[in-house]
Structures are given as C-alpha cells and as structure tokens.
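The values are calculated or read from the model by the stated rules, or taken from the named source; none is laboratory data. Everything numeric here is computed off the predicted structure, so don't read it as measured data. For neighbour counting, all protein chains shown are included, and Cβ atoms are generated from backbone atoms with ideal geometry for every residue, glycine included.
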Amino acid sequence: MDGRERLRAYLEQRRELGESEFVLDGMSIDEALSAIDKLRPATAAKSSQASRPQQATRPLEARRAPRVAPPAVQRDPVPVAPARAADRVPEVHAESLHVSEERAQFRAGEDAMKTETQGLVVGNANGTLFEQNPFHSVRSINSLATLIEECTRCPLYKTAKHAVPGTGDQSAELMCVGEAPGANEDETGQPFVGQAGGLLTKILAAIDLTRDQVFITNVLKHRPPGNRNPAPNEVEACSPYLVRQIQMIKPKVILALGTFAAQTLLETKTPIGKLRGAVHRYYGIPLIVTYHPAALLRNPAWKRPTWEDVKLARHVLDSAKS
Ligand code: SF4
C-alpha cells in the first residue's frame, strides 16, 4: 500500500469514527505530504515544493484537516462547547497517566462544564425491561455470578476457561461496561486485567475513583474464541445478566467502554465518535460513551477525548449527589 492509500485509509477510518480532525500516526510527515502532493497537478506540486519552508519546522496545525462539524446524533441537543475545559486537557498517556496532575487540572476546569449535551434515550425510568428479565428473582450480585458461572445459554461457555461475571462495589455509583473478556480475563475470571485493565485503573484514578469503588463488567461474560466479535445470538443470550446487574447495582452513571458496549446498550449502529460527548439515558440512568482502554493503547491520539469523557462522567456523578 503506497503512502496515498495509507493516508486515505487512515482518514476514512477517522471519519468513520466521527472525528473531524486528526493527528498523524503510522506515517511520517514527509510521507503524508508527499502523498498529498501527488494528488495535485504536477505544476502546483512543484510550486508548493518550491515555496515550502523547512518541513520539519512547519507547525502541526497547518497540516490538519479543516474542521467539519460531525453530524449531530443527539435528540434535543443542548449546546455546551466546553472549549475552556478542552484547552486544559492534561496528558493522559496510554503508558503512564500523570494522575495527580490530572486531578489538579480537572479541579481547575471543573466549572467549565456547566451543562451536558443530551444524547440517545433507551427506555425510560419506569420501563418494563427489568421486569421482563429472566433473572428478575435473583436477589444478589453474588447469586447472579453463580448462575453466570454455570450458564449454558450460548456456546461460549464451551471454549472459555472461566466465566467473568464482574467485580467491584455492589452499590457502586459508576458502572463500567466493556465488550467481553479477553485472554487475561479468561485466565483469571476477573474483568479488565492486563495492560488495558491497568490503564482503566489509571483512568478511574484520574477522576478520584478506585476499582473497588466502581463495578466493572462486560456485555458478554465468557470469552469469544480468539477474541472474535460477539455474535448477535450470544449478546441476546447474555444481555439479561448485564441488565440484572444494572438493576441491582443502580449506578448513577454507566460508562460504556468501546464501540460494542456503547452500541449494544444504546441499541444503535452509530459510530462511537458520534456517541461520545453526550449524556445518553439507559432506562433513566445517565450513560456516557468513551473508547475502550485497549483501543486507547493502540491509538494514543484518543487520550484527549477519553479524558474529556471521564471528566463528563465525573461531572454527572457529582451533579447526581448535589
Ligand atoms: S457468554 Fe453469557 S450467555 Fe453465553 S454462556 Fe456465558 S454467561 Fe451464558
């Protein structure tokens, strides 16, 4: 694949995710500029080369795509534009979060987020979803975990080593929901362990939460073989467990980690880039969407939007207390 194709594939991927600007990675700046020049008529490219100063000293901003407002997906949107908060976004490194610095900067920018953009609404606070749940009579998270460990509702139990029901505070105010257990989780029976789990721990610490203070789980409770995408029948079979967990824990905020969890809970195919930044409602419970920590490890450019998302979650949590 030549430079132009790589640049196009990269930009299309970012656009699919709902982003309107990008930071170059996986390709040198010279490669990208060369690819762009190839798109121009030869004379224009020549003139551009002649007039271009030292490439290494050109500001990054000059190579950014023009800002294009993404299509709105919210119903009854309320403008928020927390520009001041965005300007203060601290460095949320995939490898190492500077937690104390982030806390300080978070406090400094807290007042910039006065209102939230309202997102999608799934069900309503008095909906019947919970009453239709086949596990409605199960009265504790531990009892539900036992059922999950013995579950044969879909074929995934046959290939997985351990069930991963979830862990944390059974009356947590924040509930983190990911996609499905991976290899490390399958080995240990615990959600979000390994490198991505460590990053989630740091992300939570940045908003003054420990893993013990939240409840962490996935849509699927057994690992799909080879980490393949969950199949619709598996999601259908397993979802009642998650619904019952939400019902019993009664979190004040749900943080959906990654495309799959977000789209499953919000019953939509809208790309994650367009679901971020709003407060959705899942049967009355505020739901905020952010990137999966494993995706953040692969795409450090998403550290800033992830920070904005967890700040929003913290803000909604704090608002619920006051
Ligand atoms: S993935 Fe869910 S539905 Fe499938 S066997 Fe495991 S607990 Fe049961």
ask   = ALA278 passes all but one of (1) under 20 Å from ALA180 (Cα atoms); (2) modelled with pLDDT of 95 or more; which number fails?
value = (1)
note = Output for Cβ contacts, cut-off 6 Å, separation at least six or different chains, first residue within 14 Å of THR259 (Cβ to Cβ) in region 272-287, second polar (S, T, N, Q), reads ILE272/THR259
inquiry  = Filter region 247-282 down to the residues that are surrounded by 23 or more Cβ atoms within 10 Å (Cβ to Cβ) and within 16 Å of the ligand (Cβ to nearest atom) and list them by number.
reply    = ALA261, LEU265
remark   = Just one listed residue, out of ALA172, ALA125, ALA160, is within 11 Å of the ligand (Cβ to nearest atom) and within 26 Å of the chain's Cα centre (by Cα), and it is ALA160
request  = Of the conditions (1) modelled with pLDDT of 95 or more; (2) away from the ligand (no atom under 16 Å from the Cβ), ASN299 clears all except one; give me its number.
outcome  = (1)
remark   = Those residues of region 154-172 which are surrounded by 18 or more Cβ atoms within 10 Å (Cβ to Cβ) and part of a loop (DSSP other than H, G, I, E, B) amount to CYS154, ALA160, ALA163, VAL164, PRO165, GLY166, ASP169, ALA172
task = Provide a single number: the residues in region 189-234 that are crowded, with 16+ Cβ neighbours inside 10 Å, in contact with an Asp or Glu (Cβ under 6 Å, 6 or more places away or on another chain) and part of a helix (DSSP H, G or I).
result = 1
